[in-house]
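Report on the following structure.
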Number of protein chains: 2
Amino acid sequence: MQKECEIVGILQDKLKYKERLQYMKYYFPLNYTVTVQYEEVLRTSNVSRLRDEAITEPSLRYLWFHVSSQVVLKIRDVLPEQHPSWSYTQELCDLLEGLGVEYEKYKQGDMDIVVADLVKRIHDAEAGSNRKPVRPKALLDNCVKVMRMLYSTPWWTVFLL
Amino acid sequence: MQKECEIVGILQDKLKYKERLQYMKYYFPLNYTVTVQYEEVLRTSNVSRLRDEAITEPSLRYLWFHVSSQVVLKIRDVLPEQHPSWSYTQELCDLLEGLGVEYEKYKQGDMDIVVADLVKRIHDAEAGSNRKPVRPKALLDNCVKVMRMLYSTPWWTVFLL
């Protein structure tokens, strides 16, 4: 858990507004979009709704982790390795991969069926769910907002200070 | 004429393969395209055909200048000013603008009607000609190849050395 908080802390720093603006907006052509699955657009409103449905916090964090990982991979995959945003995106991939190792420890446990189903659809390229074009920065903005929502309870804050 | 050659010399240097690769390929997302008019894809084969139709060399250079200017403007216009390719593209715009001042001196003269018509269509956004998506580097590759074709006669070479 300590390790998980450490990684989230580094991610919060890497995902600062200034970094997102530079690497995900200024270094892309205007109006450039990445096509993602409908489920990969995870907004705070979606998380609030899931909370209302009594989905557990570990399940929500597990969902956020899977969405964020997929989204960052999709952004990296549209970039040549020499692109000035590639290394930044790769660093995010590495951090999320590290987080995945931590999540593996409890993911098999009490995942809500709703979340388990969503995660399955995210990883199923053939799921046939709607796809939509979204700007790279908007994808990371969602990632950050949901991260703050899920990791800002007093208990977590202690670890992140 | 001396000034024209100087600018073309600087353009040749700015449009070196390494620069085009970095600023027009590596700094763009994979498979990114800019939509241009059909007439803005000016290949050496097009120029050869126009030469066969006895179009004069000044007319061909005038056509190349207009196509290149439009293409570079279109690339610049898809970029935020903070994008790492923006300044490079702006420098190309400035050089081509300088070349335009030189071309003004003889453009009203003996422009072939075929070229005059093509240039008119390039600047007429409502012309309704076919549009096509082309990668930024491919657009500048055409620009360079045609430039070499038009400015590599022995007479010009003297000025460019």
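Structure values in brief
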item: Full-stretch length increase - A:Tyr38, A:Asp52 - with 0.36 nm per residue and alpha-carbon distance subtracted; result: 3.0 nm
item: Inter-chain shielding of A:21-27 (mean C-beta neighbours from other protein chains, 10 Å cut-off); result: 3
item: Across the identical copies, how the B:Tyr17 labels are spaced - nm, sorted shortest first, 7 Å along Cα→Cβ; result: 4.5
item: Environment charge of B:Ala54, counting only residues whose C-beta is closer than 13 Å and scoring Lys/Arg +1, Asp/Glu -1; result: -3
item: Inter-copy spacing of B:Asp117 label points, which lie 7 Å from Cα along Cα→Cβ, given in nm from shortest upward; result: 6.4
item: Chain A: relative contact order as a whole-number percent, Cα under 8 Å and 6+ apart; result: 46 percent
item: Exam field: B:Asp77 pseudo-label spacings to other copies (7 Å along Cα-Cβ), nanometres; result: 3.3
item: Sequence of B:Ile75, B:Ile7 once ranked by neighbouring C-beta atoms within 10 Å, starting from the fewest; result: B:Ile7, B:Ile75
item: Cleavage-rule hits (GluC sites (Glu not before Pro)) in the range B:1-85: DSSP loop, at most 12 neighbouring Cβ within 10 angstrom; result: B:Glu53, B:Glu81
item: Reachable lysines from B:Lys16, criterion Cα separation under 19 angstrom, eight or more residues apart if same chain; result: B:Lys25, B:Lys137, B:Lys145
item: Computed over the range B:1-135, Kirkwood Rh from alpha-carbon pairs, angstrom; result: 15.9 Å
item: Footprinting exposure proxy for A:Tyr103, B:Tyr27, A:Tyr62 (fewest neighbouring C-beta atoms within 10 Å first); result: A:Tyr103, A:Tyr62, B:Tyr27
item: 15 Å beta-carbon shell around A:Val36, net charge (K/R +1, D/E -1); result: +3
item: Within the range A:1-89, trypsin sites (Lys or Arg not before Pro) in DSSP loop having at most 14 other beta-carbon neighbours inside 10 Å; result: A:Lys16, A:Arg43
item: The protein assembly as shown: Rg to Rh, with Rh as the Kirkwood radius over Cα pairs; result: 1.15
item: Protection-proxy order for peptides A:89-98, A:112-121, each taking the mean of Cβ atoms within 10 Å per residue, highest first; result: A:89-98, A:112-121
item: Theoretical ellipticity at 222 nm over chain A - DSSP helices of four or more residues, -39500 (n - 2.57) apiece, nearest 500; result: -20000 deg cm²/dmol
item: Per-residue average of Cβ from other chains inside 10 Å of A:76-85; result: 4
item: Proxy reagent accessibility, fewest Cβ within 10 Å first, across B:Val101, A:Val71; result: B:Val101, A:Val71
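Quick note: the coordinates plus some simple rules give every number you see, no bench work behind them. Treat the numbers as computed from the prediction; the structure is a model and nothing was measured. Ideal geometry is used to build each Cβ from the backbone, glycine not excepted, and the neighbour counts take in all protein chains shown.
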